[in-house]
Amino acid sequence: MTAAPPASPTVAHKFGGSSLADAACIAHVAALLLERPAPQVVVVSAMKGVTDALIGLAATAGEGDERWRADLDALFARHERTAEDLLGDDARSLAEVLAREKDALRGLLEAVALMGRAGPDLLDVIQGLGEVYASRLVEATLAHRGADVTRLDAREVLVVRTGELGAAVDWDASASRLAAWRKAFPAERVVVTGFVARDPDGRIVTLGRDGSDYSGAIFAALFDASELHIWTDVDGVFSADPRIVPESELVPHLSYDEACELAYFGARVIHPQTMAPAIRRSIPIYLRSTFRPDHPGTRIVAATAAGTPVKGFSAVEGLALVNVEGAGMIGVPGTAERVFGALRDAGISVVMISQGSSEHSICLVVREGDAPGAVHALEETFARELARGQIQSVEVTPDVAVLAAVGDGMAGTPGIAARLFTALARASINVRAIAQGASERNISVAISGREARRAVRAAHAAFYLSPQTVSIGVVGPGQVGRALVAQIAAARERLLRDANLDLRVRAISDSRRWLMDDVALPLDGWREALAAADAPADLDAMADHVHASHLPHAALVDCTASDAVADRYEGWLAAGLHVITPNKHLGAGDLDRYRRVQGLSRRGPARFRYEATVGAGLPVVQTLRDLIDTGDEIHTIEGVLSGSLAWLFTRFDGSVSFSELVREARAAGYTEPDPREDLSGMDVARKLVILAREQGLDLTLDQVVVESLVPAALEGVGPDAFLAGLDALDEPMAEALAAARAEGAVLRFVAHLDREGRATVGLARLPAEHAFAGLRLTDNVVQYTTARYRDNPLVVQGPGAGPEVTAAGVFADLLRIASTLGGVA
């Protein structure tokens with residue numbers, strides 16, 4: 001004979017009010033339960049808002065306000081509608097039960113109206129009825145769907161004693177009553193009322209704060225469940241409150257101790273008292289979302305696997321710091337005992353304690369509303385010492401918050417406290433007091449309440465974000481800016497996966513409006529979002545947003561050609577923002593401004609990178625920098641530094657007029673919108689100034705001898721008039737081409753700089769075998785003649801115009817900065 005398979009273990013489920021808000025939610029809960037194997041014990045809260053409504057009914061009736069009768073009708077109408085939606089024609093028997101419940105509650109409220117108030121015992125009875133009603137709805141729904149189910153009113157079996165530490169279960173009495181009840185009701189699934197119980201004298205009581213969760217753990221223990229699933233409207237426990245820290249991550253595993261610590265400091269975790277029965281029996285607790293039942297949620301067990309040393313951050317606000325200070329306290333036994341005794345007698349709970357080893361002061365954190373009472377109690381207790389000057393003061397600092405970092409892995413892991421305090425310091429947050437238990441599971445710091453949110457975000461970033469997380473703002477989303485954003489979007493996942501580099505474009509601004517996101521902008525539809533944005537352009541606000549104190553690093557990328565934007569670099573760098581740009585106005589503009597910005601970049605934490613100002617994506621500036629840094633001596637720099645002009649002169653062979661080529665280049669995006677920027681030679685001159693200054697020459701733009709290709713008659717006209725008059729270029733350019741061909745030469749627009757700082761820019765006839773003669777399309781070419789490269793100059797050549805290559809140069813600068821970044825510092 002084959003032995004019967006062992007019975008499956010019972011699994012306990014507890015559903016909160018948000019999971020039972022209406023008929024659709026209850027139907028979803030029933031389906032969720034029926035998808036999972038029996039046996040089950042299902043503990044339910046009241047429907048969302050019902051407990052508050054019951055308390056409100058008692059208060060209204062106690063005030064003699066007859067509106068409680070209409071409110072009572074509305075409350076039961078809600079339950080009756082829910083029953084009809086769930087059960088249809090089968091709702092009649094449940095409707096009769098609810099009618100009896102309504103009559104019973106009406107009788108209680110009439111008694112309250114007669115007495116003028118609801119005493120504590122009667123209020124306990126009334127406010128616990130929501131769970132009774134909800135349990136009837138859930139049981140009826142499961143039965144309607146064919147489940148073997150029964151309902152247990154917890155008041156029939158659960159016995160608790162209430163005291164200073166809350167409700168304590170009489171386990172023996174409760175287990176005995178449950179065993180007898182189970183003999184009479186052996187169904188596979190049991191729906192239990194949460195929150196309610198009886199005391200040893202048979203009076204109905206409630207379990208207080210988080211009472212339904214507590215009931216879930218109690219009945220998990222009484223039913224000897226293998227697991228307890230707490231179902232809510234969130235996926236589980238997060239590393240910080242997602243409303244404060246959008247980057248917070250779900251914590252898949254917590255120990256009981258970690259969960260208790262986080263809950264104490266206000267995190268949305270199951271209450272420590274709630275966990276006690278599960279902890280006692282080592283029952284795993286799962287915190288999960290009713291609305292995403294396939295998500296595994298957070299598992300809470302005795303010990304967790306190794307991982308992030310800090311599991312989470314939380315903050316309690318609305319506190320005050322009370323400091324008892326005096327030289328007379330040093331070495332005096334019993335001082336701390338007197339402090340805490342005084343607060344105990346005043347009924348004041350202490351949130352956090354910090355005491356210096358010198359015993360010169362004892363610092364306490366209490367609820368802000370308790371602070372006056374705490375001061376009064378301490379001044380009375382130490383009245384004699386205060387009079388004698390042995391204790392100098394009992395002082396209060398209001399508006400305090402306590403930030404807690406929690407994790408079992410903190411124990412024995414060097415540098416945890418240092419990283420936390422460094423992150424807070426970087427966010428300019430002053431720590432008022434510090435406490436760390438001997439278990440090293442928790443570091444708590446008292447800070448200003450105004451800084452609580454910033455502190456949580458800064459601390460979280462220090463432990464949960466990549467040390468190379470960079471907050472990025474892009475100014476000027478024209479052709480180059482758009483190309484840059486596209487390149488970041490394409491490379492972002494790879495860089496995060498392979499290099500732990502987390503690039504977040506958090507703001508984009510054009511000349512009229514700006515767009516931002518707290519985490520990172522979606523880079524697939526940002527152009528449409530920017531066009532629809534209603535925030536007017538504000539570079540100060542944008543810089544403040546990008547330079548978020550909770551993110552390790554920040555960079556602003558200027559893709560404009562604006563001198564006014566370049567004027568802001570100094571302030572951005574001084575504030576700690578890296579600046580990256582293809583904008584030539586800073587490098588070739590006012591010399592004093594240039595020196596200040598370069599000085600900030602060399603001395604400060606933020607860097608100024610501008611490779612794309614010369615040669616687009618070519619390593620022109622970097623190559624020059626490497627030559628200088630390695631001790632080479634620069635003799636001359638020569639080059640074709642305009643991709644636009646390179647394209648024009650490689651194409652200009654007389655078969656098409658020069659003006660037609662200019663129009664074609666403009667349409668292709670090879671020139672500036674006003675081609676005079678290129679044809680005048682000023683763009684090349686600016687690049688030459690940048691290279692001169694890079695090697696230490698104090699060259700200014702007006703010192704460069706520039707040969708402009710723009711006819712004098714077209715210099716002062718508007719852009720449209722210039723484009724209309726382009727034909728004026730054709731005759732002189734045709735003559736220049738003929739003269740070059742007569743010599744067997746080619747035309748190129750060349751920049752030249754010697755070691756004395758003499759700089760020229762203009763049209764040159766070069767031999768056909770010259771290094772600059774064989775350019776292709778938009779090629780730039782730079783030739784460095786140096787002490788090392790004297791006989792065979794060093795040449796850098798490649799495409800030097802177009803938004804893609806220019807954006808690539810900017811992106812390369814961003815990556816160069818990122819490669820030097822460490823953690824939060």
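Points worth noting:
- Residue that is most open to solvent (accessible area, probe 1.4 Å) [pool: residues in segment 762-791 that are closer than 18 Å to residue 737 by Cα and part of a strand (DSSP E or B)]: 765
- Given (1) open to solvent by less than 40 Å² (accessible area, probe 1.4 Å); (2) at pLDDT 85 or above; (3) touching a strand residue (DSSP E or B) at 6+ places or on another chain (Cβ under 7 Å), index of the condition residue 395 fails: (1)
- First in segment 448-463 and more than 11 Å from residue 403 (Cα to Cα), second anywhere and among the polar types (S, T, N, Q) and part of a helix (DSSP H, G or I), Cβ under 9 Å, 6 or more apart: 462/422
- Here the condition is being at pLDDT below 90 and either among the β-branched types (Val, Ile, Thr) or more than 18 Å from residue 276 (Cβ to Cβ) (or both); of 241, 201, 213, it holds for 241 alone.
- Residue match in segment 511-522 (condition: closer than 30 Å to residue 402 by Cα, open to solvent by 20 Å² or more (accessible area, probe 1.4 Å), outside any strand (DSSP E or B) and not charged (D, E, K, R)): yes
- Residue 553 falls short on exactly one of the conditions (1) open to solvent by 10 Å² or more (accessible area, probe 1.4 Å); (2) in contact with a strand residue (DSSP E or B) (Cβ under 7 Å, 6 or more places away or on another chain); (3) at pLDDT 95 or above, and that condition is (3).
- For segment 741-756, taking the residues that are surrounded by 19 or more Cβ atoms within 10 Å (Cβ to Cβ) and of a type outside the set (D, E, K, R), the one that is farthest from residue 649 (Cα to Cα) is identified as 753.
- Number of positions in segment 375-392 that are open to solvent by 60 Å² or more (accessible area, probe 1.4 Å) and within 25 Å of residue 349 (Cβ to Cβ): 3
- Of all residue pairs spaced 6 or more apart or on separate chains, those with beta-carbon atoms under 7 Å, a first member in segment 16-34 that is more than 14 Å from residue 136 (Cβ to Cβ) and of a type in the set (A, V, I, L, M, F, W, C) and a second member that is open to solvent by 10 Å² or more (accessible area, probe 1.4 Å) and part of a helix (DSSP H, G or I) are 27/86.
- The listed residues are 801, 721, 818, and the only one of them that is modelled with pLDDT under 95 and either of a type outside the set (Gly, Ala, Ser) or open to solvent by 20 Å² or more (accessible area, probe 1.4 Å) (or both) turns out to be 721.
- Under the condition of being part of a loop (DSSP other than H, G, I, E, B) and among the aromatic types (Phe, Trp, Tyr), the residues counted in segment 148-195 number 2.
- Helices (runs of 4 or more DSSP H) contained in segment 82-147 and holding at least 2 residues out of contact with any Asp or Glu (no Cβ under 8 Å at 6 or more places or on another chain) and over 17 Å from residue 44 (Cα atoms): 92-115, 120-127
- Screening the candidates 182, 177, 189 for the property of being open to solvent by less than 30 Å² (accessible area, probe 1.4 Å), in contact with a strand residue (DSSP E or B) (Cβ under 9 Å, 6 or more places away or on another chain) and of a type in the set (Lys, Arg) yields one hit, 189.
- Residue check, residue 97 open to solvent by less than 50 Å² (accessible area, probe 1.4 Å) and closer than 29 Å to residue 231 by Cα: yes
- The numbered conditions (1) farther than 28 Å from residue 31 by Cβ; (2) open to solvent by less than 10 Å² (accessible area, probe 1.4 Å) are all true for residue 230 except (1).
- Remark: pairs (first residue in segment 215-236, on the phi > 0 side of the Ramachandran plot; second residue open to solvent by 10 Å² or more (accessible area, probe 1.4 Å); Cβ separation under 7 Å; 6+ apart in sequence or on different chains) = 224/10; 236/250; 236/287; 236/288.
- Restricting 210, 170, 124 to those that are out of contact with any helix residue (DSSP H, G or I) (no Cβ under 6 Å at 6 or more places or on another chain), within 30 Å of residue 74 (Cα to Cα) and either buried (at least 16 other Cβ atoms within 10 Å of the Cβ) or in contact (Cβ under 8 Å) with a residue 60 or more places away in the chain (or both) reduces the list to 124.
- Among the candidates 244, 204, residue that is in contact with a helix residue (DSSP H, G or I) (Cβ under 9 Å, 6 or more places away or on another chain), more than 30 Å from residue 163 (Cα to Cα) and open to solvent by 20 Å² or more (accessible area, probe 1.4 Å): 244
- Only strands (runs of 3 or more DSSP E) whose full extent lies in segment 202-301 are considered here, and the ones with at least 3 residues that are among the hydrophobic types (A, V, I, L, M, F, W, C) are 227-232.
- The set of residues in segment 620-678 being touching a residue at least 12 places away in the same chain (Cβ under 8 Å), hydroxyl-bearing (Ser, Thr, Tyr), open to solvent by 10 Å² or more (accessible area, probe 1.4 Å) and more than 20 Å from residue 561 (Cβ to Cβ) consists of 623, 636, 650, 657.
- Hits in segment 466-495 - residues which are open to solvent by 20 Å² or more (accessible area, probe 1.4 Å), modelled with pLDDT under 90 and in contact with a strand residue (DSSP E or B) (Cβ under 8 Å, 6 or more places away or on another chain): 468
- Conditions (1) outside any strand (DSSP E or B); (2) of a type outside the set (Lys, Arg); (3) modelled with pLDDT under 90; (4) surrounded by 13 or more Cβ atoms within 10 Å (Cβ to Cβ): number failed by residue 348: (3)
The values are calculated or read from the model by the stated rules, or taken from the named source; none is laboratory data. All values derive from a computational prediction rather than experimental measurement. Neighbour counts run over all protein chains shown; Cβ positions are idealised from the backbone, glycine included. The area values use the complete protein model at the heavy-atom level, side chains included, leaving out ligands, DNA and RNA. Shrake-Rupley method; radii C 1.70, N 1.55, O 1.52, S 1.80 Å.
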